[in-house]
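Everything below concerns the one structure shown next.
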Amino acid sequence: MTCVAIVIAVGAVLVLMGARKIKARQETARAALALLEAELEHRREVIPELVRAAVAADLDRASINQLVGARSWSSVVRENDFDLPRRASAENTLSAALYEVIWSAPGATWEFRRPADELDTIEQRIVGAVRVYNTHADALVRLSRSPLTALSARLAGVEAPDLFVDSVALDAVRTRVPA
């Protein structure tokens, strides 16, 4: 009788420990996603300044129009709460269009280089934020599917989150977005 009680107590402790671990990982993943969202929003705010400078520098209008269209598409996808893989696809398209404009003007004026350099730094922070989020989300997925913690995840009501990964083939990212 006491052996059964000990086994039940140990099992309950393990389930509670698993639930705490899963909840902590879930909070970390939420914080990482909030960081990613903040960086994506910061990029959306700086792009119009780059567009104005690119127009003033008389850069390729097709590239500028693609950037404006990609930014609009990214905003539509975000505002309509699409799933993370679709949002990642829209954000990757925006990044590709952004770099097409930035790389088209290697000797541009300071008015162009300043927002271009700022956006390059933001892009690097976005890449880091995506890595951090995907690392924590993947760990949460593994915890929710592990035989040792799956019961804890179900009891805590934790669902495995989507990763922020582009579901479109990489060569399709470079296609032009209608303006």
If you go through region 19-33 one residue at a time, do you hit one that is out of contact with any Ser or Thr (no Cβ under 8 Å at 6 or more places or on another chain), loosely packed, with under 13 Cβ neighbours inside 10 Å and basic (K, R)?
yes
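The rows are residues; the columns are (1) surrounded by fewer than 18 Cβ atoms within 10 Å (Cβ to Cβ); (2) β-branched (V, I, T); (3) touching a Ser or Thr at 6+ places or on another chain (Cβ under 6 Å).
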site: L50; (1), (2), (3): no, no, no
site: A70; (1), (2), (3): no, no, yes
site: S75; (1), (2), (3): yes, no, no
site: A88; (1), (2), (3): no, no, no
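Here are L151, L140: which of them is surrounded by 13 or more Cβ atoms within 10 Å (Cβ to Cβ) and touching a Pro at 6+ places or on another chain (Cβ under 7 Å)? Lay out the reasoning, then the answer.
Working: L151 fails: touching a Pro at 6+ places or on another chain (Cβ under 7 Å).
The unique qualifying residue is L140.
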Only one of (1) among the polar types (S, T, N, Q); (2) over 26 Å from the mean Cα position of the chain (by Cα); (3) surrounded by 12 or more Cβ atoms within 10 Å (Cβ to Cβ) is not met by S63, so which one is it?
(2)
The one condition in (1) within 21 Å of the chain's Cα centre (by Cα); (2) in a helix (DSSP H, G or I) that F112 fails to fulfil
(1)
Give the residues of region 21-63 that are over 30 Å from Y133 (Cα atoms) and touching a helix residue (DSSP H, G or I) at 6+ places or on another chain (Cβ under 7 Å), sorted by residue number.
A53, A54, V55, A56, A57, L59, S63
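From the list L50, L94, which residue is part of a helix (DSSP H, G or I) and farther than 26 Å from D162 by Cα? Full working, then the answer.
Working: L94 fails: farther than 26 Å from D162 by Cα.
Residue meeting the stated conditions: L50.
So that you can scan it fast, the table gives a plain yes or no per residue for (1) more than 14 Å from R44 (Cα to Cα); (2) in contact (Cβ under 8 Å) with a residue 12 or more places away in the chain; (3) in contact with a His (Cβ under 6 Å, 6 or more places away or on another chain):
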site: R61; (1), (2), (3): yes, no, no
site: N65; (1), (2), (3): yes, yes, no
site: V77; (1), (2), (3): no, yes, no
site: T93; (1), (2), (3): no, yes, no
site: W103; (1), (2), (3): yes, no, no
site: P106; (1), (2), (3): yes, no, no
Out of R71, R142, which single residue is at pLDDT 85 or above, out of contact with any helix residue (DSSP H, G or I) (no Cβ under 8 Å at 6 or more places or on another chain) and in a helix (DSSP H, G or I)?
R142
For region 109-137: of the residues being under 26 Å from D162 (Cα atoms) and of a type in the set (K, R), which is surrounded by the fewest Cβ atoms within 10 Å (Cβ to Cβ)?
R131
Is it fair to say R86 is under 23 Å from V165 (Cβ atoms), touching a residue at least 60 places away in the same chain (Cβ under 8 Å) and assigned to a helix (DSSP H, G or I)?
yes
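The values are calculated or read from the model by the stated rules, or taken from the named source; none is laboratory data. Note that this is a predicted model, so its numbers are computed, not measured. Cβ: placed from backbone, ideal geometry, glycine included. Neighbour counts: every protein chain shown.
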